[in-house]
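Engineer: Attaching a single structure in structure tokens format; questions to follow.
The values are calculated or read from the model by the stated rules, or taken from the named source; none is laboratory data. Not measured: the values here are computed from a predicted model. With ideal geometry, Cβ positions are generated from the backbone for all residues, glycine too; neighbour counts draw on all protein chains shown. Protein only, heavy atoms only, side chains kept; ligands, DNA and RNA dropped before computing areas. Shrake-Rupley method; radii C 1.70, N 1.55, O 1.52, S 1.80 Å.
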Amino acid sequence: MTTLIIVESPAKARTIKGFLGKNYNVKASLGHVRDLPRSRFGIDVEKNFEPDYITIRGKGPVLKELRDAAKKADRILLATDPDREGEAIAWHLAAALKLNEDKCRIDFREITKDAIKQAVKKPRSISQPLVDAQQARRVVDRIVGYELSPLLWAKVKRGLSAGRVQSVAVKLIVDREREIEAFVPEEYWSVTAHLQTDRAEAFEANLLRRKGKKIELPNEAAAKQVEQDVAGQPWQVTKVTKRERRRHPAPPFTTSTLQQEAARKLGFPAKKTMRLAQQLYEGLPMGKLGTLGLITYMRTDATNVSKEAVSEVREFIKQTHGASYVPGKPRQYASKKGAQEAHEAVRPTSTIRTPEEVKEYLTRDQLRLYKLIWERFVASQMSSAVFDAMSVDINVQDYLFRATGSQLKFPGFLKIYQEGTDSASKADEKHRLLPDLKVDEEVQLQKLDLGQHFTQPPPRFSEAMLVKTLEEEGIGRPSTYAPIIDTIVGRGYVYQEEKRFRPSELGIIVTDLLAESFPRLLDVKFTAGLEEELDGIEEGNTVWQDVIREFYTPFAQDLQKAHEELERIEVQDEVSDVICENCGRNMVYKLGRYGKFLACPGYPECKNTKPILDEIGIECSVCKREGREAGQIVRRRTRRGRFFYGCSNYPDCTYTSWQRPVAELCPYCHKNLTVSKEGAEPKCSNKECPGGDDK
């Protein structure tokens, strides 16, 4: 009996084919084969929101190939991804190929030989609730996109578009920018005592209270008053607390936490993380081992792990690090509310396939992401880290100072993995164990530091912070975070500066217009509530057309009112003092996908554009050495949005550096030395230099 298996991608097809015998033919649909038409609305509102699906342009030859293969097969199995989108692709394939939907669907969450062989033995029917949940999302997003775009064209400018979830994400960024603009810094002071025991052991303590109440020092005078009050007074230890503190490992990755951690630790945008994870999931050639899927399915909001995977990783930890690194019982992690419990977390398909063992078969970025996933998973089943923690209260006059310290006693999971953070502070690692102090012991003041500080506004969203906020607020789902970010940047509504999101003027205008006319659409709670209703459809508790109708009725009323009442908004370009050398006009600032640039306002007659050159006050040493008038080192941006440094004389001078150049020159190659970060020691980054830092 011959079996045809249809998957989405050729890579997935190749991997699966390698696990099955000659009686199996594996073909790829190359994603969706049917969808709503691009050139028209495609939804009949009067007929219960009936969608009009058509064959996607260019997919005719693919469908013909699949139909020809289906005629030669005794059995057809649809093995698309195990989520709403995958179920919908299977449903569309069944319709296009005129298949019986009963017992034609198989799914698996890792592409391994055992998983595939088990799946083909247990085909199931297509899940209509899963399909309906995807249809509902597609229809509501089509309604918003196709109905709002004409409004934006009429009221702002042609070519604009809006999306249901993307518009809420832009509003989060706009609201944060306004918080920052409205923020008024407040001054405050801190007092740190540098103390010493009779045994010459030094430590620090920070001012905490006065007369039992938390103390605030609003200005220098208040801080100096403390300094005067404690001058010449005895310092006495009044309380010593010692305890053992345990730090537990983080759960294995979900889609969201993988995107966050890859952004923090590897600097990967969410889109890149998902592309690499897809490659690791679908399978890569591993020499004599054949093509193997290295991780489980990467679109998941669950932290569950199979018993087999837990047993394997616990044995691996024991053999590699010793029994003390294996907790008494396997760790279990609670998934967030609404997570798909049937799914697993993102984990390696086999723990014994270490990053070192697969290194030669992966690209640099594939390996970096696999290593992150592998280490996080192994750490999630390791023993807790144990610290000796100590807190000491010291009294002087009416003031209470407190010293805290900790020292790592047993590394546990920290031996292989430490979770990233959005904060620059790593105080936990800087703590040291305090001297062995006793109650009533007197200590001596060596120095008192008075520090001036100012409260800081909330930070702009990094990609990791935005993904985390979207997840916490219930906006979108694991599979949508990367496309959301890609879309709002691509539309020019936001841009990244120093890896933080800022709204463009256009983004602010569109957000304000939508917020005024469609307050429900841009309300975070309403959007999250709609996501819960989509989950209800998936669980079979709700009819999808009812959800759409409940959304559409007030939306259509708001839309009509907006067309009638909203005034047109003129978007004026900001004029610069840079003169266009082609036609003499003052160039204007424009915002593109990769940030701001200069353009001639005479377009289309004059199409001159220029990058905005951010000079850093350093002359180019390469120009000097080659006898040209020295250009300035400027900061530029790649097409992918990453900053680098180059010479303003480009293309005559092609000097570039990822790291920031300084005025000091290398004594060997006479190029500018560079620094990796503020305050770092300058080094030569020229790989061809005999004194370069990689020699």
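Engineer: Magnitude of the Cβ-charge dipole of the range 1-67, K/R +1 and D/E -1, about the Cα centre, nearest 20 debye?
Structural biologist: That gives the range 1-67 a dipole magnitude of about 480 debye.
Engineer: Residues with amide H under 5 Å of R34's amide H, sequence separation 5 or more or different chain, H placed in the peptide plane at 1.01 Å from N; which?
Structural biologist: Here I56 satisfy the definition.
Engineer: Among rounded, prolate and oblate, which fits the range 215-260 when a ≥ b ≥ c are the square roots of the eigenvalues of its C-alpha gyration tensor, a/c under 1.5 means rounded, and a/b larger than b/c means prolate?
Structural biologist: oblate
Engineer: Continuing with this model, one more query. Aspartates and glutamates within cross-link reach of K561: Cα-Cα under 17 Å, excluding same-chain residues under 8 positions apart?
Structural biologist: E147, D512, E516
Engineer: Another question, then. Given the peptides 27-39, 450-462, arrange them by the average over their residues of other C-beta atoms within 10 Å, most packed first.
Structural biologist: Packing order, densest peptide first, comes out as 27-39, 450-462.
Engineer: Also, I was wondering about something else. L665's amide H: which non-local residues (gap 5+, or another chain) put their own amide H closer than 5 Å, with H modeled 1.01 Å from N in plane and none for Pro or chain starts?
Structural biologist: L673
Engineer: So for each of 4-10, 557-563, 644-650 I average, over its residues, the number of other beta carbons within 10 Å; can you give me the resulting order with the highest mean first?
Structural biologist: Highest-to-lowest ranking by the protection proxy: 4-10, 644-650, 557-563.
Engineer: While we're here: With r defined as the distance between the Cβ atoms of Q233 and E204 and R0 fixed at 22 Å, what FRET efficiency is calculated, to the nearest 0.05?
Structural biologist: Working: r = 18 Å, r/R0 = 0.82.
The computed FRET efficiency comes out at 0.75.
Engineer: Follow-up. Tell me, what ³J(HN,Hα) does each residue in the range 484-490 have, in order and in whole Hz, if you take phi through Karplus 6.51 cos²θ - 1.76 cosθ + 1.60 with θ = phi - 60° and put x for Gly and Pro?
Structural biologist: Working through the residues one at a time gives 4, 5, 4, 5, 5, 6, x Hz.
Engineer: Using helices alone, I'd like the mean residue ellipticity at 222 nm for the chain: each DSSP H run of four-plus residues gives -39500 (n - 2.57), total over residue count, nearest 500.
Structural biologist: Values: 19 runs with 240 residues, N = 695.
Calculated at 222 nm, the ellipticity per residue is -11000 deg cm²/dmol.
Engineer: Quick one: grab the alpha carbon gyration tensor of the range 54-202, order the square roots of its eigenvalues as a ≥ b ≥ c, and give me rounded if a/c is under 1.5, else prolate or oblate depending on whether a/b is larger than b/c. List each step's numbers first, then the result.
Structural biologist: Numbers: a/c = 4.30, a/b = 1.65, b/c = 2.61.
Taking the square roots of the gyration eigenvalues as a ≥ b ≥ c, the range 54-202 is oblate.
Engineer: Using a 1.4 Å probe, what is the accessible area per residue for the range 1-148, in Å²?
Structural biologist: Using a 1.4 Å probe on heavy atoms only, each residue of the range 1-148 averages 46 Å².
Engineer: Round to the nearest 10 and give me the degree value, 0 to 90, for the angle of helix 544-565's Cα axis relative to the longest principal axis of the chain.
Structural biologist: Value to nearest ten degrees: 70.
Engineer: For the range 1-46, state which chymotrypsin sites (Phe, Trp or Tyr not before Pro) are in a DSSP loop and have at most 15 other beta carbons lying within 10 Å of their beta carbon.
Structural biologist: F41
Engineer: Separate question: With an 8 Å cut-off on Cα pairs and a minimum separation of 6 or more residues, tell me the relative contact order of the range 517-647 in percent.
Structural biologist: 12 percent
Engineer: Moving on to the next point. Give the angle, between 0 and 90 degrees and rounded to the nearest 10, that separates the Cα long axis of helix 84-96 from the longest principal axis of the Cα atoms of the chain.
Structural biologist: That works out to roughly 10 degrees.
Engineer: Let me ask something else about it. So what J values fall out for the range 121-137 if you push phi through Karplus, 6.51 cos²θ - 1.76 cosθ + 1.60 with θ = phi - 60°, rounded to Hz, Gly and Pro as x?
Structural biologist: 7, 10, x, 10, 7, 5, 7, 5, x, 5, 4, 5, 5, 5, 4, 4, 4
Engineer: Here's something else I'd like to know. Can you give me the % of accessible surface on the range 233-303 that is carbon or sulfur? Probe 1.4 Å, all protein chains present, nothing else counted. Don't skip to the answer; put the middle values down first.
Structural biologist: Working: 1440 of 2790 Å².
Here carbon and sulfur together make up 52 percent of the probe-accessible area.
Engineer: Right, something else. If I fit a long axis through the Cα atoms of helix 307-321 and take the longest principal axis of the Cα atoms of the chain, what angle between them do I get, 0 to 90°, rounded to 10?
Structural biologist: In the chain, helix 307-321 runs at an angle near 40 degrees to the longest axis.
Engineer: May I ask you to order 174-181, 297-304, 482-489 by the average number of other C-beta atoms within 10 Å around their residues, highest value first?
Structural biologist: Packing proxy ranking, top to bottom: 297-304, 482-489, 174-181.
Engineer: If the limit is 22 Å between Cα atoms, which of K265/K525; K288/K359; K271/K590; K17/K117; K122/K271 go over it?
Structural biologist: K265/K525; K271/K590; K122/K271
Engineer: Where a Cα-Cα gap under 18 Å defines reach, which lysines qualify for K272, not counting those fewer than 8 residues away within the same chain?
Structural biologist: Partners found: K371, K468, K499.
Engineer: Among rounded, prolate and oblate, which fits the range 605-683 when a ≥ b ≥ c are the square roots of the eigenvalues of its C-alpha gyration tensor, a/c under 1.5 means rounded, and a/b larger than b/c means prolate?
Structural biologist: Cα axes put the range 605-683 in the oblate bin.
Engineer: Exactly which trypsin sites (Lys or Arg not before Pro) in the range 187-229 are in a DSSP loop and have at most 15 other Cβ atoms within 10 Å? Spell out each step's value before the answer.
Structural biologist: Details: sites: R199, R209, R210, K211, K213, K214, K224; in loops: R199, K211.
Listed in order of number, the matching sites are R199, K211.
Engineer: Regarding the range 209-317, what are the three Cα extents along the principal axes, ordered largest first, in Å?
Structural biologist: In descending order, the Cα extents are 76, 34, 26 Å.
Engineer: Where q = 0.06, 0.09, 0.11 Å⁻¹, what log10 of I(q)/I(0) comes from the Debye formula for the chain, counting one point per Cα?
Structural biologist: Computed log10 I(q)/I(0) values: -0.49, -1.07, -1.37.
Engineer: Sticking with this structure for a sec: State the number of lysine pairs found in the range 132-250 whose Cα atoms come within less than 23 Å, restricting to pairs 8 or more positions apart or on distinct chains.
Structural biologist: Lysine pairs meeting both conditions in the range 132-250 amount to 9.
Engineer: Then there's this: Measuring with a 1.4 Å probe in the full set of protein chains, what accessible area per residue, in whole Å², belongs to the range 343-495?
Structural biologist: 44 Å²
Engineer: Less than 16 Å apart at the alpha-carbon level, and either on another chain or at least 8 residues along: which lysines does that give for K624?
Structural biologist: Those lysines meeting the cut-off are K671.
Engineer: At 1.4 Å probe size, with the rest of the protein present, what percent of the exposed accessible area of the range 498-627 is carbon and sulfur atoms?
Structural biologist: After summing per-atom areas, the C and S share lands at 46 percent.
Engineer: Report the antiparallel proportion of the DSSP beta bridges in the chain as a percent, rounded to a multiple of 5.
Structural biologist: Values: 83 of 93 bridges.
Taking every DSSP beta bridge with both residues in the chain, the antiparallel ones total about 90 percent.
Engineer: Could you tell me which GluC sites (Glu not before Pro) in the range 505-583 are loop residues by DSSP with no more than 15 other beta carbons within 10 angstrom of their beta carbon?
Structural biologist: Taking the range 505-583 and a limit of 15 other Cβ atoms within 10 Å, the loop GluC sites (Glu not before Pro) found are E539, E567, E570, E574, E581.
Engineer: I would also like to ask the following. Run the numbers on the range 1-110 and let me know its relative contact order in percent, using alpha-carbon pairs under 8 Å that are six or more apart.
Structural biologist: Contact order relative to length: 29 percent.
Engineer: Using modelled backbone amide H atoms (1.01 Å from N, in-plane), which distant-in-sequence or interchain residues come within less than 5 Å of S335's amide H?
Structural biologist: Result for S335 returns T303.
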